[in-house]
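Worksheet: one structure, shown below.
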Amino acid sequence: MIIGINCGHTVSGQPGCGAVGRIDESVETRHVGKKLMELLRAQGREVVNCTNDYASSTSANLAEICRLANKQYLDLFVSVHFNAGGGRGTEVYTYGGRTFNAAEDAARNIAALGFNNRGIKDGSNLYVLRHTSARAMLVEVCFVDTDDADKYLKLGADKLATAICEAITGTNAPTVTQTTEEYTSTNDIIWELHHRGIIGDKALWTGYCGSDVNVYWFCRKLCQYVRTKPTGEHETDEYADAHDIAWDLCHRGVIGDMTLWEAYMKRDENVYWLLRKGLNWCRTH
Ligand SMILES: [Zn+2]
């Protein structure tokens, strides 16, 4: 499991730095984020530091964070922030407000330390959620400008980092906990995908898997994903655009390389329908 951690914003006082209230966001994102990286590494997780300390502007800072996140495959990208504006509590932003265990548990674990749980919020307009290709969440630990900050100082950054770490390592994302043994034989994989109505023509896809290693691995990973998918979603609109389909499958960890699959879908109509129907199953079950 490879996790990208971003200590939000540049360092204090620089272009792109965070909010300042009773505590300084740029300082505290680094206290929490660095401890979080240390805890994850201590548990044997591979960690990529996606923090950018110095930038010419906020937009340059955000672009650099995404470059650091996207230059390798990540199972999860986590950006650590603190909120401002006079509220109380913790909230976690995901693309489309999608819920997954790490995001829900991060909000729940932080709330358990004595903060309001403001829940999962739609962060579709947040740059680092829009432009990272891995599954992503942005954690607003608490507010810098209310008595949240006093609670935070009393607890200390390490307790907050531990709460987020436990949310990440306890996640049921299919790439993390594979308690269901993965099918490796083409026959088993194709049978399963056919049984679930994702593919129609078993012979066609058996042939593909035999001759194209990418398609074999896609079918294998999709099969494992659908067999271990933790929670039901009730989306109704089917994605038709190759970019949207690749992006969503990548966020789910079914594919690693968005660009490869987007191009493949545009080149081969069978592959387009395989990914489209595969994703649609994931979004509706
Ligand atoms: Zn922030």
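The values are calculated or read from the model by the stated rules, or taken from the named source; none is laboratory data. In this text, all values refer to a predicted model and were calculated from it rather than measured experimentally. Cβ: placed from backbone, ideal geometry, glycine included. Neighbour counts: every protein chain shown.
Brief remarks on what is shown
- Across the range 60-100, the qualifying residues are those that are under 14 Å from the mean Cα position of the chain (by Cα) and among the aromatic types (Phe, Trp, Tyr), and the one among them that is farthest from Val144 (Cα to Cα) is Tyr73.
- Where helices (runs of 4 or more DSSP H) sit wholly within the range 236-285, those with at least 2 residues that are out of contact with any helix residue (DSSP H, G or I) (no Cβ under 9 Å at 6 or more places or on another chain) occupy 269-284.
- Condition broken by Glu192, with the remaining ones in (1) under 20 Å from Leu76 (Cα atoms); (2) at pLDDT below 95 satisfied: (1)
- Number of residues in the range 186-204 that are in a loop (DSSP other than H, G, I, E, B) and β-branched (Val, Ile, Thr): the value is 2.
- For the range 25-36, the candidate set comprises residues that are away from the ligand (no atom under 11 Å from the Cβ) and either among the charged types (D, E, K, R) or buried (at least 24 other Cβ atoms within 10 Å of the Cβ) (or both); within that set, the residue that is farthest from Asp158 (Cα to Cα) is Arg30.
- When Tyr73 is tested against (1) surrounded by fewer than 22 Cβ atoms within 10 Å (Cβ to Cβ); (2) within 15 Å of the ligand (Cβ to nearest atom), just one condition goes unmet, and that condition is (2).
- The single residue among Glu64, Glu46 that is within 16 Å of the ligand (Cβ to nearest atom) and among the acidic types (Asp, Glu) turns out to be Glu64.
- One residue from Thr132, Thr99 being closer than 30 Å to Lys221 by Cα, more than 16 Å from the ligand (Cβ to nearest atom) and in the same structural domain as Lys151 (by TED's automatic domain parsing): Thr99
- Selection from the range 1-22 of residues that are touching a helix residue (DSSP H, G or I) at 6+ places or on another chain (Cβ under 9 Å), surrounded by fewer than 17 Cβ atoms within 10 Å (Cβ to Cβ) and not in a loop (DSSP other than H, G, I, E, B): Val20
- Of the residues making up the range 205-216, at least one is modelled with pLDDT of 90 or more and in a loop (DSSP other than H, G, I, E, B).
- Any hit, the range 163-183, residues being at pLDDT below 90, in a helix (DSSP H, G or I) and out of contact with any Leu (no Cβ under 7 Å at 6 or more places or on another chain): no
- Residues that are assigned to a helix (DSSP H, G or I) and among the aliphatic types (A, V, I, L, M) occur at least once in the range 117-128.
- Hey, Leu39 more than 12 Å from the ligand (Cβ to nearest atom) and under 17 Å from Ala157 (Cα atoms) or not: yes
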